[in-house]
Amino acid sequence: MMTILTSQMSLLLFLLLSITTFHKTMCSNHTVVQCNEKDRETLLTFKQGINDTLGRISTWSTENDCCAWEGVHCDNITGRVTELDLNNYLEGEMNLCILELEFLSYLDLSGNDFDLIRIPSIQHNITHSSNLVYLDLSFNSATVNNLHWLSPFSSLKYLDLSGIDLHKETNWLQAVNILPSLLELQLSDCNLKNIPSVEYLNLSSLVTLDFSLNNFTSHLPDGFFNLTKDITYLNLHDRNMYGEIPSSLQNLQNLKHLDLYNNKLQGPIPDEIG
């Protein structure tokens, strides 16, 4: 009996050691996966236009695996770049070739001092189904002439272009309308001067909308609040809006935050809102 028990214990110990060794081998294999070469080249192209006076991206060297570079996050198994987080302290040119990273889901370049945004032929270079969910380019001192380059990003849920000068883009609302998954749109202080026609638009997926600190010289178009019926946060302060508070605000049944501060609105607060 003791011989049988000893044999069973030995077999159990062997199995446990085998499982442990296999697990360690698998984990070890995951950690040695290196950055995809195509992704590395795209990142280096993006770096070329940057004036990194504070050494924020000093780790971006051909001698290092790009998954270990500052602000770069990769998938542990595939080695593909999935996130790029480089907010603050960079200057120069923002090359949006970075959006060609095939598995990029999160991009934050906010709060830098990029004075030029270079937009390559992104539509032609992105042949895959975009994974980009979060895009924040806010508060850079640059001008963007059009937003057509947004069209491939059908998975985008968060878009913040606050502080980017968009005064040359007259169809900005139509440009964001083609993003079917968009939940949050931040266009504060973008030097917008008009709200294009809302006919044929559908912004019903939005839950957060910020148009504050623009220089609109008109009232909101009739039917605007029929487009955003699921919205919970609406910020229209300091946007030079005139006329009466539209009673169509009552259509926003889920609204929790409304900011109309410092406009040129006149007349009573509609009973429907109360």
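Structural remarks
- Amide H contacts of Gly243: Gln266, each under 5 Å away and 5 or more positions distant or on a separate chain (H built 1.01 Å from N in the peptide plane; Pro and chain starts excluded).
- Residue order for Arg118, Arg56, Arg40, fewest other beta carbons within 10 angstrom first, comes to Arg118, Arg56, Arg40.
- Taking label positions 7 Å along the Cα-Cβ direction at both Leu44 and Asn254, the computed distance is 4.6 nm, reported to one decimal.
- Taken one residue at a time, the phi angles of region 153-158 give Karplus couplings (6.51, -1.76, 1.60, θ = phi - 60°) of 9, 6, 8, 5, 10, 10 Hz. Gly and Pro are set to x.
- Residue exposure sequence - Thr42, Thr78 - by fewest surrounding Cβ within 10 Å: Thr78, Thr42
- In terms of its C-alpha gyration tensor, region 208-274 comes out oblate, because a/c is 1.5 or above while a/b does not outweigh b/c.
- Paramagnetic label zone (point 7 Å from Cα along Cα-to-C-beta, Asp271; backbone N under 11 Å) in region 206-238: none
- Beyond 32 Å in Cα-Cα separation lie the following of the pairs Lys168/Lys264; Lys47/Lys168; Lys168/Lys229; Lys38/Lys229: Lys38/Lys229.
- Compared with the direct C-alpha span, the chain from Ile77 to Leu183 gains 35.2 nm at full extension, assuming 0.36 nm per residue.
- Amide H contacts under 5 Å for Trp60, placed H, 5+ residues apart: Glu70
- Working from label points 7 Å from Cα in the Cα-to-Cβ sense, the Ser61 to Asp85 distance is 2.4 nm.
- For region 187-235 and region 86-121, distance of Cα centres in Å: 26 Å
- Applying the Karplus relation 6.51 cos²θ - 1.76 cosθ + 1.60 with θ = phi - 60° to region 238-249 yields 3J(HN,Hα) values of 6, 10, 6, 6, 10, x, 8, 5, x, 5, 5, 4 Hz, where x marks Gly and Pro.
- Remark: spin-label model distance Tyr233-Ser155 equals 2.3 nm, labels positioned 7 Å along the Cα→Cβ axis.
- Estimated vicinal HN-Hα couplings, Hz - region 182-194 in sequence order (Karplus 6.51, -1.76, 1.60; Gly, Pro = x): 5, 10, 10, 10, 10, 10, 7, 6, 10, 6, 6, 10, 8
All of the numbers you see were taken from the coordinates with simple rules; none came from a lab. Remember, predicted model here, so these are calculated numbers, not experimental data. Methodologically, a virtual Cβ is constructed for each residue, glycine included, from the backbone with ideal geometry; neighbour enumeration extends over all protein chains shown.
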